[in-house]
Amino acid sequence: MACSKFDFEDEMRLVLLGKTGGGKSSTGNCILNENAFRVDIGGSSVTEKCCRRCTSRFGKYIHVLDTPGMFDTQTPNDTVLMEMSKCIAITSPGPHAFLLVISVRNRFSQEEKETIEKFVSYFGEEILKYFIVLFTGKDDLKRHNLSEEMYINKVPDSLKYILKKCDDRCIFFDNLATEEEKNQQVQRLIDMIDRNVRKNGSYFSNADYAAAEKAIEKVEKDILSQSKREERECHQGLDEEPNEQRNVREQIRQQIEHEDNWTIENIIKVVKVVGGIFIQVLDFYYSAKRKGHVPDAL
Ligand SMILES: Nc1nc2c(ncn2[C@@H]2O[C@H](COP(=O)(O)OP(=O)(O)O)[C@@H](O)[C@H]2O)c(=O)[nH]1
Ligand SMILES: [Mg+2]
């Protein structure tokens, strides 16, 4: 699939998938090195909405999208479908990896395998090339004197099948480990993702991602040219272009994240609406600035 012309090359976009209680939020926090997502002690889902957090680590802007509730039902209902569309728009131009988070403490069921297969059929088989099975609870294995290899040999056939589909890409995490161990496991994960993206040639994309990216890029272009025009009129210096584009993209992602009622059909429409709002905000900002009413930063 063709990539976006502006690749945000120093970004790494990750999507966390898996049933509630598997350790998605804990893993997201470990990757970001902060308590960005709420970890659920009780076992029931805290919130059903996709939630994105970003940090700058290991020389990259790492974006992590937590997807609570997405894998808790086999039949994707309207809410789940909307969250999937949102996931596409937020991680556009496409994720570098989908991390299938599974706890070694939970028994993997046939139903879970079927949920994964439904997700794959929704996004297309190509997505499997970007799947990494991330087992949480490495500390539990240690306690039971089980090596990673021994554990994998013992998993149910349904999980062996998924692992095979993912070309056996898997990694074990201990989310309760020391800072140093956690950093090392995240570094290993990032290396694994980098290798896999190189092997695949690029990050994941499909027709839906391409459509979302096209719409977002159009909006970005409009916003950037409007802002340049306005800056010229105000005789202000311009930001370096990649930074300005990153800021605009960040704001679009934030808007999408807070937008409800998504369907795959209205991704483009909503992105355009979001873009329209930005242009209005810019208009307002620069006309106020010309009158000397606002501070320098937006
Ligand atoms: N022992 C152990 N517990 C973990 C690990 N990762 C997550 N947990 C625990 O598993 C539970 C569910 O984690 P959470 O991140 O909320 O899962 P989510 O529902 O998939 O987001 C919490 O009580 C976590 O503390 C791990 O590596 N080891
Ligand atoms: Mg969670």
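Things worth noting here:
- Loop-resident chymotrypsin sites (Phe, Trp or Tyr not before Pro) (DSSP state other than H, G, I, E or B) in region 160-190 with no more than 10 further Cβ atoms inside 10 Å of their Cβ are absent.
- Taking the number of Cβ atoms within 10 Å of each Cβ as an exposure proxy, the fewest-first ranking of Tyr151, Tyr209 is Tyr151, Tyr209.
- R0 of 25 Å, Cβ-Cβ distance Asn206-Glu48: FRET efficiency to nearest 0.05: 0.55
- Share, in percent, of DSSP beta bridges within region 11-200 that are antiparallel, nearest 5: 25
- Computed lengthening from Glu179 to Gln254, 0.36 nm per intervening residue step minus Cα-Cα distance: 24.1 nm
- Placing a pseudo-label 7 Å from each Cα along the Cα-to-Cβ vector at Asn153 and Ser121 gives an inter-label distance of 3.5 nm.
- Pairwise centroid distance, computed over Cα atoms, of region 130-151 with region 76-124, Å: 21
- Pairs from Lys19/Lys182; Lys160/Lys182; Lys182/Lys214 whose Cα-Cα separation, in the structure shown, is over 31 Å: Lys182/Lys214
- Full-stretch length increase - Phe58, Leu146 - with 0.36 nm per residue and alpha-carbon distance subtracted: 28.6 nm
- Cβ-derived FRET efficiency at R0 35 Å, Asn247 paired with Tyr161, nearest 0.05: 0.20
Just so you know, all these numbers are worked out from the coordinates, no wet-lab data involved. All figures in this text were calculated on a predicted structure; none of them were measured in a lab. No Cβ is skipped: glycine too gets one built from the backbone with ideal geometry, and neighbour counts run over all protein chains shown.
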